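Take a look at the structure below.
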Amino acid sequence: MSNQNKPDVKIRRFPKAFVWAHAINGIAFFALYFTALPMYTEFFDWLYPVFGGPEGARLLHRIFAVIFITPTLILAIFSPKFLVMWIKELITWKKRDIAFFGNFVKELFGFKFCHVKQTFFNAGEKINSILQMFCAILVIASGFTMWLPQFFPRALVQWGYVLHNIGFGLGIAVIVGHVYLSVIHKHSRPGWSGVVTGKVPAWWAKGHYADWYDEEVKQGNFPDLDDPKFKKEA
Amino acid sequence: MTKYMKYVDVTKCDGCRACMVACKNWNDLPADPQDFQGSVQSHPKVSADTWNVMQYIEHENGKGDLEYLFRHSACFHCTDAACEKVCPENAISYTKYGTVVIDHDKCVGCGYCVQNCPFEVISLKEYVDKNGDKYRKSQKCTMCTDRLEEGLQPACVTTCHTGSLEFGEETAMLKKAEQRVQEIKGRFPNAQVYNPQGVGGTHTIYVLAEKPSVYGLPENPKVPTSAVVWKDYAQPIGKMMLGATTMALVGAFVTNNIISRKNKDQDGGQGHE
């Protein structure tokens, strides 16, 4: 790794509310995925006894379904500023976002690449967010029709099954990429500790989200890594 | 392989309800007491403990006359059964007789079949096991497949005293139905054979005296489009997508390692910040 000569300064990337919301969302997502797996494919029918039979799996799925809904509320209550900033980022698309993808593919497969300056979320993270939010809305909305079919028109319940299936089918495909990038892929690995502790190395943040980092420096929130003080440390 | 059908001529039915009793008796189904329905009809529709229900319909025909219509209602045993399509556990299957049956050892009580049956003839029944835990299973008419296997006819057919119900070889039953419609056209101009093709035809066919909607039946029932999109497209594509993403990432992991090893050999690694 090439980060051995970097200054050991950490900056806060995510507010605590986001760290909690993300963790709850992640745990609930996988709990929902595993409790549904035996229904998705018979290959995983052996999971039924693990969850206490189909009834146990159904109960757990519903408990985690409720938990899965809470992260949005946590953010909205405890860190509405971050939520608004996030949504703003998602609807802002500029040339730099498109330029990101070519370099991202190179980086993903280990080829030489250069960083395209990004704001708080890079274009890949924005796509991930949009897809995850879309999938979450699909599975949550259709989840209600599946859970309480007696309160909905029959056609809505029937289409609910399809949307639930599409929502989590697409969701898990995106999540696999999301988890790979944070846990396994060497260049983005500091992102993992970032989402667990809320803090990331300053050099990494500056490299990956230059525009955001520079803006925070201007506001006096983050240390200026170009300052000779830090260069000396390095 | 000979194909069989249950033939129901509603115009011969006298509403005696012996078919309901025979069904309860043979299938050992408990009594299912109901509140007064506002007519002589005992149950609003079929349920988990009442697999066939005699419908009594007061219908004003086009001439201003009142017709008192009866219909023995039960599972249609579709050729393309939506319940079989959507069952996530493969608990619902077709038998060699063309009947559609539920394997209760496999059924997990999810209720997908209940919501997708175009005729709404499947219900969930709640049971309590020896530990006091509740569990559910789907229930519906089996067309007495256990009797068919023994060379017997369905219990409802055997007991029918008017010849309204018959069970026999498919072509013979279809021919009989067509002939019967011709015979009764004078009295029932809207008479028709009900063997809906939207579900590939059914293994219980009806000679109806009136339009299907008069009996509360769908005019053009079919396997729900949502069930086709779900099972034939969304699910397989979803599985493929997960496989494709995983393969791409395995590829990324491998090329990453190969390239960084190569770079290390050459110049001690590519700079990255």
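A short reminder: the numbers here are calculations on the coordinates, not readings from a lab. These figures come from a predicted structure and were not determined experimentally. We place every Cβ from the backbone using ideal geometry, glycine too, and count neighbours over all the protein chains shown.
Any chance you could give the angle, 0 to 90 degrees and rounded to 10, that helix B:170-184 forms with the longest Cα principal axis of chain B?
For B:170-184 against chain B, the angle is about 50 degrees.
Answer with one residue from A:Tyr209, A:Phe78, A:Ile98: the one whose Cα lies farthest towards the positive end of the charge dipole of the stretch A:10-233, charges on Cβ with Lys, Arg +1 and Asp, Glu -1.
Of the listed residues, the answer is A:Tyr209.
What angle, in degrees between 0 and 90 and rounded to the nearest 10, separates the Cα long axis of helix B:18-27 from the longest principal axis of the Cα atoms of chain B?
With rounding to tens, the tilt is 40 degrees.
On a straight-distance basis, which aspartates and glutamates could pair with A:Lys95 in a cross-link, Cα separation under 18 angstrom, same-chain partners fewer than 8 positions away excluded?
In chain and number order, the partners are A:Glu125, A:Asp211.
Which length gain, in nm to one decimal place, applies between B:Met247 and B:His104 when the Cα-Cα distance is subtracted from 0.36 nm times their residue separation?
Contour length minus the Cα-Cα distance gives 47.7 nm.
Work out the count of Lys pairs in the stretch B:73-185 where the Cα-Cα distance is under 30 Å, with the pair 8 or more places apart or on different chains.
Close lysine pairs found across the stretch B:73-185: 26.
Mind jotting down the distance between the C-alpha centroids of the stretch A:163-204 and the stretch B:209-265, whole Å?
Using only Cα atoms, the two centres lie 22 Å from each other.
Please compute, for peptide A:115-125, the average count of beta-carbon atoms on other protein chains lying within 10 Å of each residue's beta-carbon.
Averaged over the peptide's residues, the number is 0.
Where does each of B:Ile57, A:Ile77 land when they are ranked from fewest to most other beta-carbon atoms within 10 angstrom? The partial results should precede the final answer.
On the way: B:Ile57 17, A:Ile77 10.
The most exposed by this proxy come first: A:Ile77, B:Ile57.
In which sequence would A:Thr119, B:Thr204, B:Thr245 go, from the one with the fewest C-beta neighbours within 10 Å to the one with the most? Walk me through the numbers on the way to the answer.
Details: A:Thr119 20, B:Thr204 27, B:Thr245 17.
With the sparsest Cβ surroundings first, the list reads B:Thr245, A:Thr119, B:Thr204.
Determine, for A:Arg62, B:Arg71, B:Arg180, the number of other Cβ atoms within 10 Å of each Cβ, and report the residues in order from fewest to most.
Numbers: A:Arg62 14, B:Arg71 24, B:Arg180 17.
Result, fewest neighbours first: A:Arg62, B:Arg180, B:Arg71.
Per-residue ellipticity at 222 nm for chain A, helices alone: DSSP H runs ≥ 4 residues times -39500 (n - 2.57), over residue total, nearest 500 deg cm²/dmol?
-22500 deg cm²/dmol
Among B:Lys175, B:Lys63, B:Lys140, which one shows the biggest mean-square fluctuation in a GNM of chain B, springs joining Cα atoms closer than 10 Å?
Ranking B:Lys175, B:Lys63, B:Lys140 by mean-square fluctuation puts B:Lys63 first.
Given Cα pairs under 8 Å that are at least 6 residues apart, what percent is the relative contact order of chain A?
Relative contact order comes out at 27 percent.
What distance in nm separates the two pseudo spin-label positions at B:Arg261 and A:Lys112, each 7 Å out from Cα along the beta-carbon direction?
Spacing of the two 7 Å Cα→Cβ label points: 2.2 nm.
Nearest 500 deg cm²/dmol is fine: what mean residue ellipticity at 222 nm does chain B get from its DSSP H runs of n ≥ 4 alone, each adding -39,500 (n - 2.57), divided by its residue count? Kindly include the intermediate steps, with their values, before the conclusion.
Working: 8 runs with 82 residues, N = 273.
So the calculated ellipticity at 222 nm is -9000 deg cm²/dmol.
Where the eigenvalues come from the Cα gyration tensor of chain B, what are the semi-axes √(5λ) of the equivalent ellipsoid, largest first, in whole Å?
Values: eigenvalues 526, 97, 63 Å².
Values for chain B, descending: 51, 22, 18 Å.
Please enumerate, by chain and number, the lysines with C-alpha under 18 Å from the C-alpha of A:Lys16, excluding those fewer than 8 residues away in the same chain.
A:Lys81, A:Lys199
Among the aspartates and glutamates, which have Cα under 15 Å from the Cα of B:Lys24 when same-chain residues fewer than 8 positions away are ignored?
Here the aspartates and glutamates satisfying the reach criterion relative to B:Lys24 are B:Asp32, B:Asp49, B:Asp146.
From the Cα trace of the protein assembly as shown, what convex hull volume per residue do you get, rounded to a whole Å³?
Numbers: hull volume 106.7 nm³, N = 507.
Spelled out: Cα convex hull of the protein assembly as shown, divided by residues, is 210 Å³.
Multiplying the sequence separation of B:Lys45 and B:Glu150 by 0.36 nm and subtracting their Cα-Cα distance, what value in nm do you get?
So the extension gain works out to 34.9 nm.
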